[in-house]
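I have placed the structure first, in the form of structure tokens, so that the comments after it can refer back to it.
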Amino acid sequence: MARTPSERGGRNKGRDREDEFVDKLVHINRVAKVVKGGRRFSFAALVVVGDQKGRVGCGSGKAKEVPEAIRKATEQAKREMIRIPLREGRTLHHDVRGRFGAGEVILRAAPPGTGIIAGGPIRAVFETMGVQDVVAKSLGSSNPHNMIKAAFNALSSVRSPRMIAAKRGKKVGDIVSRRDGVKEQG
């Protein structure tokens with residue numbers, strides 16, 4: 001029985017890693033430049049890429065043709081990926097707020113079964129990141145670029161109990177049990 005090149009460890013080695021990423025096209029903008037002979041069109045693409053395990057990145061690319069703009073945006077998104085700690089691999093650890101320009105987003109952790117309650121561009125971020133339960137609200141600008149950058153600003157400030165415990169020099173149990181203790185006192 002013949003094996004494929006990827007099974008032999010041949011030419012396909014690099015492509016197996018790329019296949020683990022999911023990319024979503026968020027927005028395409030067509031720009032016209034008026035010249036002597038008429039109009040020249042150019043395209044700008046906004047793409048979000050993630051591995052559905054907590055890593056996500058966004059990128060934008062410009063070109064004379066749509067597929068080339070999407071390719072450039074995807075490459076940039078893969079270069080600029082960040083890892084977000086997720087609670088139980090399905091939601092955020094805590095509520096966060098992010099701003100970029102006139103765009104502002106509020107991202108809230110949600111109980112199991114809630115689903116992704118978010119609009120357009122922010123929904124694409126969560127779907128590629130692998131979050132199943134989250135509630136997001138966009139305030140201010142509805143520009144897709146600003147919304148996504150505000151979401152990334154918020155997501156980059158998410159901290160897991162393990163990260164907080166390491167920073168404070170305590171055990172994870174002390175941090176998590178304190179969250180439960182506050183509810184009992186209040």
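Derivation of every value follows stated rules applied to the coordinates shown; laboratory data play no part. Keep in mind that what you see is a predicted model, and the values were worked out from it rather than measured. Please note: Cβ atoms are built from the backbone with ideal geometry, for glycine as well, and neighbour counts cover all protein chains shown.
With the cut-off at under 14 Å, measuring from each backbone N in segment 107-124 to a point 7 Å along the Cα-to-Cβ line of Ile164 picks out 109. Segment 74-139 gives an Rg/Rh value of 0.96, both radii derived from C-alpha positions and Rh following Kirkwood.
Positive-end ranking of Pro85, Ile117, Val131 along the dipole of segment 85-185, with charges on Cβ about the Cα centre, is headed by Pro85.
Would you mind checking Lys64/Lys149; Lys72/Lys149; Lys36/Lys72 for any pair whose Cα atoms are more than 20 angstrom apart? As for pairs spanning more than 20 Å Cα to Cα, those are Lys64/Lys149; Lys36/Lys72. Checked against a 21 Å cut-off, the cross-linked pairs Lys24/Lys62; Lys78/Lys137; Lys137/Lys167 give Cα-Cα distances beyond that limit for Lys78/Lys137; Lys137/Lys167. Among the GluC sites (Glu not before Pro) in segment 45-87, those placed in a DSSP loop whose Cβ has at most 15 other Cβ atoms within 10 Å are Glu65, Glu80.
Computed about its Cα centre, the charge dipole of segment 85-185 is approximately 400 debye, with only Lys, Arg, Asp and Glu carrying charge at their Cβ.
For segment 85-185, the pair-distance distribution built from all alpha carbon pairs, in bins 5 Å wide starting at 0, is 2, 13, 21, 21, 16, 12, 8, 4, 1 percent.
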